[in-house]
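Engineer: Dropping the structure in here first, questions after.
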Amino acid sequence: MEVVCLIAAGRSNQAIADALFVSRRTATTHVRNILAKLDLDSSTAVAAWAVRNGTE
């Protein structure tokens, strides 16, 4: 959920990595996994999902 909130805040993969103290590649993998689990195709769609579900 922390990554979802960072995506919803408009953070880039590098900014997510910096916030979580992980590599950019790890952050990119997290984002990719979230997109797949939610069956969404973009970070914008994740942000909309977060707003609809009150996770922001």
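The values are calculated or read from the model by the stated rules, or taken from the named source; none is laboratory data. Worth saying up front: this structure is predicted, and the values here are computed from it rather than measured. All Cβ positions, glycine included, derive from the backbone under ideal geometry; neighbour counts span all protein chains shown.
Engineer: Here is a check on your reading of the model: is A50 modelled with pLDDT under 95 and either touching an Asp or Glu at 6+ places or on another chain (Cβ under 9 Å) or loosely packed, with under 11 Cβ neighbours inside 10 Å (or both)?
Structural biologist: Numbers: modelled with pLDDT under 95: yes; either touching an Asp or Glu at 6+ places or on another chain (Cβ under 9 Å) or loosely packed, with under 11 Cβ neighbours inside 10 Å (or both): yes.
Judged against the criteria, A50 is a match.
Engineer: Out of the range 38-54, which residues are more than 12 Å from the chain's Cα centre (by Cα) and either within 14 Å of E2 (Cβ to Cβ) or among the small types (G, A, S) (or both)? Walk me through how you get there before you give the answer.
Structural biologist: Step one: filter the range 38-54 for residues more than 12 Å from the chain's Cα centre (by Cα), giving 39, 51-54.
G54, the sole residue that qualifies.
Engineer: So, one more: Going by the structure shown, is I7 surrounded by 11 or more Cβ atoms within 10 Å (Cβ to Cβ), assigned to a helix (DSSP H, G or I) and touching a Leu at 6+ places or on another chain (Cβ under 7 Å)? Step through it out loud before you land on a result.
Structural biologist: Working: surrounded by 11 or more Cβ atoms within 10 Å (Cβ to Cβ): yes; assigned to a helix (DSSP H, G or I): yes; touching a Leu at 6+ places or on another chain (Cβ under 7 Å): no.
Here the answer is no, as I7 does not meet what is asked.
Engineer: Exactly one condition in (1) modelled with pLDDT of 95 or more; (2) in a loop (DSSP other than H, G, I, E, B); (3) of a type in the set (S, T, Y) is false for T28; which is it?
Structural biologist: Here T28 clears every test but (2).
Engineer: Looking only at the range 15-37, which residues are within 11 Å of the chain's Cα centre (by Cα) and surrounded by 12 or more Cβ atoms within 10 Å (Cβ to Cβ)?
Structural biologist: Taking the range 15-37 as the starting set, the residues that turn out to be within 11 Å of the chain's Cα centre (by Cα) are 15-17, 27-35.
Residues satisfying the conditions are A15, I16, A17, A27, T28, T29, H30, V31, I34, L35.
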